[in-house]
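Notes follow once the structure below has been shown.
Values in this text are rule-based calculations from the coordinates and carry no lab data. Owing to the predicted nature of the structure, the values given are computational and were not obtained by experimental measurement. Cβ placement follows ideal geometry from the backbone for every residue including glycine, while neighbour counts extend to all protein chains displayed.
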Amino acid sequence: MRVKICGITNAEDARLSVEAGAHALGFNFVEKSPRFVTAAQARAIIATLPPFVTPVGIFWDHAPGHVKSVAEECGLAALQFHGDEAPEDLAQYRLPLIKTLKVDGPIAPERFARYHVAAFLLDSAERWSEGEARSPISWEVARDAAAAGHRIVLAAGLTPDNVAAAIRVAGPYAVDVASGVEARPGVKDPDKVRRFIAATRDAG
């Protein structure tokens, strides 16, 4: 099972996540997010990453020129979009793309059909966590999306205690976590990170 640890803000948390077995790290460039990092901050962290760990940039309705500039400056390997980006807006990027779909019930097939992306991240309709626990989305909805042939990244409300069950129900391509492994917004809890990744392995 592939794991993305999101909301990385410092080199120590990046190293911890990689050593625990994370496959990808998320860097949040949304200015009002509690996990926001500048391009310069992200670049310094990404420069320390070993090969085969994917740095992913998170954006929300940013201008394409800004996204491209940040991606080039930081050395991003994939882009994740959380806003109302139109399909034609995303078509111009060369990096692998992840489009977030907010889930509050069954997902209409046309929501997937609009986008030609590498994966869909299924997330809660809540904007951001300020440190409090988030409510998981329906794992059955994620399961149905995966069964329909979509590459699904499952997010929202995942913790070391529930991620194995979520994987067994939903059968996603990957899981994504930020607040579920934090000591406080933007700072990871080493024990939670290790237990989360270990639980994904136990889920088979």
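Laid out as a table, the results:
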read-out	value
Count of lysine pairs in the chain with Cα separation under 20 Å (8 or more residues apart, or interchain)	9
Longest to shortest principal axis, alpha-carbon extents of the chain, angstrom	41, 39, 30
Under the Karplus curve 6.51 cos²θ - 1.76 cosθ + 1.60, θ = phi - 60°, whole-Hz ³J(HN,Hα) for region 99-110, x wherever Gly or Pro sits	9, 7, 10, 7, 10, 9, x, x, 9, 5, x, 5
Distance histogram in 5 Å bins (all Cα pairs of region 1-116, percent per bin)	2, 11, 23, 22, 19, 13, 7, 3, 0
Cα centroid of region 28-57 to Cα centroid of region 149-188, whole Å	19
More than 18 angstrom apart: percent of Cα pairs within region 58-157	48
³J(HN,Hα) computed for each position of region 186-199 - Karplus, 6.51 cos²θ - 1.76 cosθ + 1.60, integer Hz, glycine/proline x	x, 10, 7, 9, x, 5, 5, 4, 5, 5, 4, 5, 4, 5
Net +/- balance of residues flanking Pro87 in space, Cβ distance below 12 Å, scoring K and R +1, D and E -1	-2
Rounded to whole Å, sorted largest first: equivalent-ellipsoid semi-axes of region 130-204, Cα gyration tensor	22, 13, 9
Mean residue ellipticity (222 nm) of the chain, computed from DSSP H runs ≥ 4 via -39,500 (n - 2.57), nearest 500	-9000 deg cm²/dmol
Selection of trypsin sites (Lys or Arg not before Pro), region 102-204, meeting DSSP coil and at most 15 other Cβ within 10 Å	Arg114, Arg127, Arg151
Whole-Hz couplings from phi, Karplus 6.51/-1.76/1.60, listed for region 49-64; x for Gly and Pro	6, x, x, 6, 9, 8, x, 10, x, 9, 10, 9, 6, 7, 5, x
For the chain: relative contact order, % (alpha-carbon pairs under 8 angstrom, 6 or more apart)	21
Dimensionless Rg over Rh [region 147-188; C-alpha; Kirkwood]	1.04
